[in-house]
Every structure is written in structure tokens, then in C-alpha cells.
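The values are calculated or read from the model by the stated rules, or taken from the named source; none is laboratory data. Predicted, not measured: the structure shown is a model, and the values here were computed from it. Positions of Cβ are backbone-derived with ideal geometry, glycine not excepted, and every protein chain shown enters the neighbour counts.
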Amino acid sequence: MKFPHLESSPLWKTFSDYGKQIFQPNGVFYWSGLAKKEANIIGTIGAILGPENELEIDGTDKTITFYVPMIRDMITCDPQMIVPYTPITGNPELQNLWREWIIYKGKNSVNLPSGQVDLTGKLSLPVVIPGLSFGIFTGTRLFINSGEEIIVPHKNWDNYAAIIKRQCGGKLTTFQTFAQEGGKLVYNINGMKKKILLSFETQQKAVVLLNFPSNPTGFMPDTITVEKMKETFIDCVEKHQKPIVILCDDAYEGYVYDDSAVNVSVFYELTNLHELIIPIKIDGATKEMLMYGGRIGCFTLGLHDKWFNSEDKDEFCEEFENKVKGTIRSTISNSNTYAQNLVLAMLKQGFDKVLESRKKVVDIIRERYTLMNTLLSEPMPGATMDPNGGAFFLLLNINKKVKASDFNIHLLKKYQTGFIPLEDEKNGVNALRIAFSSIPVSKIPKAVENIKATLKDFGL
């Protein structure tokens, strides 16, 4: 298959060998789609279809996807909400509505350097994926070869290593997450820049993975930090004339409790910023709609005007979608039908209504965040807390005299309190990831008391 519009854009140089080779031919789903539109006898897809009254005594003559009848006794909705296949790239109505959801958030953003950002016409059609982990996998496969690197802060989600290194054969190149500046810790943009420039020496592009609000630190940048990031990315690509792919892991977008921080993804500032800056938004319903088990994410490309002539935009986006489509079809085939229908039903109620409904949960988490930060900000020899302002976590650094795992075991055994220990001796990480999101506010003072008691028990 040919990709003339991608090949004439900066994206083509960033693709891995896999990214250049993968494509989705006109297979089962393509011909099934055509048959649905034009045929009255359809023998295409490998599913059992027929008139409803052939399966159910009180059914009609409409064609349905057959199911095991006992399912009707276990659910209250129409089985057709659950059992049929959806297209490889997702329910088309959901794809379009998710793009509108992204645009809506930009128009209602707070503290972005550019103010409220309207991305209308600047987005590919989001491709529905089975969760954000698969989005990281897809971004890795499309943009790096085995042995090439993705740049991440040294305090990062542990699944990145599993996906990028062990699954895809890539490398994680890290920089120290924070640096001292003016007597406080700030996001280490200079450290990130140095890694980008080093990556340019060995690769035809750099690939950076940004995760804000962060898992595990909870860090969310403010206006000045985002502006510095933009300036840094532009400076790198203009001086070296090599592209940067920026994978935005936006799992926790919308969960920001620091009023000085931006409240949406930095993706909004990176889209259409420079023709050599290629932003990918990886987000989804897992956290935004609190549907952890639904496994519905989206994979969206932020477009730049110089990548194509205006009349070629649709073809360009279709070519990019085909790459993602080929990756999905060759791995998990498609995403969960029922979860897509639930997310679609929520969004169709109106974006304002979604946020209004979610607000009660956000307010609960905000209260937990505030109390946990207040108590852990008190002087505490032997432990320090990283800057944080969002997501579901904060990171408590433990004096390296005691391994974080030993500290956590002591907390569990003596005080029946459990967190996630993070240890990376090479990068100097020895910390506890505290998910304040899962601790009722009434138990937070006791949790902090138990941490302080453990510090005392170890003589820290």
C-alpha cells in the first residue's frame, strides 16, 4: 500500500521500520462494511447473524448478532449493545464525539500560555484503542526500532519499561525529573533538552514521552513551565532540523487540584506549533470517565498546516489512521463494544453534564489531596515529598539508608498500611507512591501518622 501524503511529510522520517511497513489492507471489516451498505444477502463476517425472531420467540424480523440466550437474564440492556463487533478503529460516532470532547476541553482550559485553545480542524480522527497501555505500545511500535530510545523523566510509570523495553525492544533514556531552581524543585527542562540533543546524534528523530499529571509524582506544570517546554522543543528542532515525536500520556487529564497549574494536556500547546514537532495524544475513558475496567482509550495526532495541502488533509489523516488500524488489527483486532457504547452514551448527554456528574468524585479526591499534602508538608526528617498538583498520587522520597521496599513492608506488618515502593538504584529513586485517591479522608491522618512512626522506627 502506498502512503504518498505521509511520505511527503516530516512524519515519514520519524516512523520505525515497522511504522513504514505496517498497513491494513481491505480485509474482512472493509468488505463487511460495504456489504452492509449495498447487499441484502451478507456472508462476510465470522459472526452468527439472523432475524431476531429466529432466536427469541417474541423477537422481530430485524437482523441481529446472535448471542447465548441466557445472557438476557443477566443484563438489563439490549444484547446488541454488547455482542456485535465494532470497526477496527472504533465506533465512528464515538470517534467523532471524542474529537469534539478534546476540542471542548481546550476551549475551556485554564492557565495555558496561549489561553483557551481551539483545536478545531487540527486533529486526526481519534482511533479507539483498548486502554492507554496499548496507546503507549502503538506509539512505541510506530516510531522507534529495536534499540532506539524514548526519553522519559526518571520517575515514571513502571509499565513504560515493560512496554517500551521488554515488549518492543526499545530503550528508556531518562533525565532527572526535577532540578533545583531558586530554592525550589522545578521540572527539569534542561535535563530533558540535553537528552533530546544526544538522541539527535544517534537517531533521525527524538521521541519524548510526557505524562501530566504524572504517575507516580502527581506533578502538573504551570504556565511558565509549559511555555519553557514549547521554547525548548522549537529550539531543538530548528537548530538541528530533525523532528521530535511527543507522546502525551494524558491518562489523568482533568484531575488537577493546584490552581496555578494548567488543567489540560500540554498537547494543546504542541499541536500546530512547528512542522517538526509531532504530538500524539493518548487518552481515554479509563480515568476521565472512571471506567477502569472498560479499557477504552484513544490515539490522536495533532496536525500541522504544513504537512499537507488543505485539499489533501482527509487523505493524509486516513493514511495515518491506516497505520494505527494495521497495528490494532494485527494484535487485538478491535476494542470492547459495550464499553464504547457506554462512553458514547455519556458524551451524548453533553460535555457539561459529564463534568457536572464527575465533579462529586473530583471534589472527594481534591479533599484527600489537600489533606495529604498539608500533613506531609510538615517537617519530616528522613522523607521529602515531590512537587505535585494532580492525578491520583504523590511521591514520598525515603532516606536511602532504608530501602523503600523494606520501609513499606514495615508499614504493612506493624501498621497495616500499604503503598507502592519504587526503587531504582541507578537513578537514585527510593520512594513510596502514595495513592491518596484510594484513602478515605478520615484515614489520611492515621496513614501519615504511621509513615512518621515508621521513620522513627528506622531512626531516620
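Some points to look at:
- Selection of region 420-445 for residues being without any contact (Cβ under 8 Å) to a residue 60 or more places away in the chain, farther than 25 Å from A179 by Cβ and under 23 Å from the mean Cα position of the chain (by Cα) yields A435, S438.
- Subset tally (residues that are in contact with a Cys (Cβ under 8 Å, 6 or more places away or on another chain) and not in a helix (DSSP H, G or I)) for region 264-291: 8
- Within region 277-305, the set of residues being crowded, with 24+ Cβ neighbours inside 10 Å and among the hydroxyl-bearing types (S, T, Y) comprises just one member, T300.
- Checked against the criterion of being within 30 Å of L303 (Cβ to Cβ), of a type in the set (F, W, Y) and out of contact with any helix residue (DSSP H, G or I) (no Cβ under 8 Å at 6 or more places or on another chain), the candidates Y30, Y18, Y104 yield just one match: Y30.
- Region 224-243 residues that are under 22 Å from F15 (Cβ atoms), paired with ones that are crowded, with 16+ Cβ neighbours inside 10 Å and small (G, A, S) (beta carbon under 8 Å, 6 or more apart): C236/A206; K242/A206; P243/A206
- Among residues that are farther than 30 Å from I224 by Cβ and either among the aliphatic types (A, V, I, L, M) or part of a loop (DSSP other than H, G, I, E, B) (or both), G326 is not included.
- Scanning region 387-408 for residues that are assigned to a loop (DSSP other than H, G, I, E, B) and not polar (S, T, N, Q) turns up P387, G389, A391, F392, F393, K400, K401, V402, K403.
- Residue in region 373-386 that is at positive phi, touching a residue at least 60 places away in the same chain (Cβ under 8 Å) and either touching a Gly at 6+ places or on another chain (Cβ under 7 Å) or not aromatic (F, W, Y) (or both) present: yes
- Residue within region 366-386 that is in a strand (DSSP E or B) and under 19 Å from Y257 (Cβ atoms) present: yes
- From G147, G218, residue being out of contact with any Ser or Thr (no Cβ under 8 Å at 6 or more places or on another chain) and closer than 24 Å to V262 by Cα: G218
- So L412, is it among the hydrophobic types (A, V, I, L, M, F, W, C) and touching a strand residue (DSSP E or B) at 6+ places or on another chain (Cβ under 8 Å): no
- Pairs with Cβ under 7 Å, 6+ apart, first in region 46-64 and under 26 Å from S333 (Cα atoms), second surrounded by 11 or more Cβ atoms within 10 Å (Cβ to Cβ) and of a type in the set (F, W, Y): A47/Y85; I48/F66; L49/F66; G50/F66
This table checks each residue for (1) under 27 Å from F200 (Cβ atoms); (2) within 21 Å of the chain's Cα centre (by Cα); (3) among the hydrophobic types (A, V, I, L, M, F, W, C).
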site	(1), (2), (3)
F66	no, no, yes
W98	no, yes, yes
K105	no, yes, no
L112	no, yes, yes
Q116	no, no, no
L125	no, yes, yes
I144	yes, yes, yes
I163	yes, yes, yes
Q167	yes, yes, no
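- Qualifying residue in region 335-356 (condition: surrounded by fewer than 17 Cβ atoms within 10 Å (Cβ to Cβ), of a type in the set (K, R) and either assigned to a helix (DSSP H, G or I) or at pLDDT below 95 (or both)): yes
- Test result for Y292, free of Cβ contacts under 8 Å to residues at least 24 places away in the same chain and aromatic (F, W, Y): yes
- Set side by side, the residues R141, R166 differ, and just one is among the basic types (K, R), out of contact with any strand residue (DSSP E or B) (no Cβ under 9 Å at 6 or more places or on another chain), surrounded by fewer than 15 Cβ atoms within 10 Å (Cβ to Cβ) and not in a loop (DSSP other than H, G, I, E, B), which is R166.
- Where E311 falls short, out of the listed (1) buried (at least 18 other Cβ atoms within 10 Å of the Cβ); (2) without any contact (Cβ under 8 Å) to a residue 40 or more places away in the chain: (1)
- Subset of region 90-117 (residues that are part of a loop (DSSP other than H, G, I, E, B) and over 21 Å from I42 (Cβ atoms)): G90, N108, S109, V110, N111, L112, P113, S114, G115, Q116, V117
- Residue list for region 328-354, restricted to those being touching a residue at least 60 places away in the same chain (Cβ under 8 Å) and farther than 27 Å from F137 by Cβ: K348, F351, V354
- Residues that are touching a residue at least 24 places away in the same chain (Cβ under 8 Å) and in contact with a strand residue (DSSP E or B) (Cβ under 6 Å, 6 or more places away or on another chain) were ranked within region 398-409; the one that is surrounded by the fewest Cβ atoms within 10 Å (Cβ to Cβ) is K400.
- Scanning region 292-321 for residues being over 24 Å from A251 (Cα atoms) and outside any helix (DSSP H, G or I) gives a total of 2.
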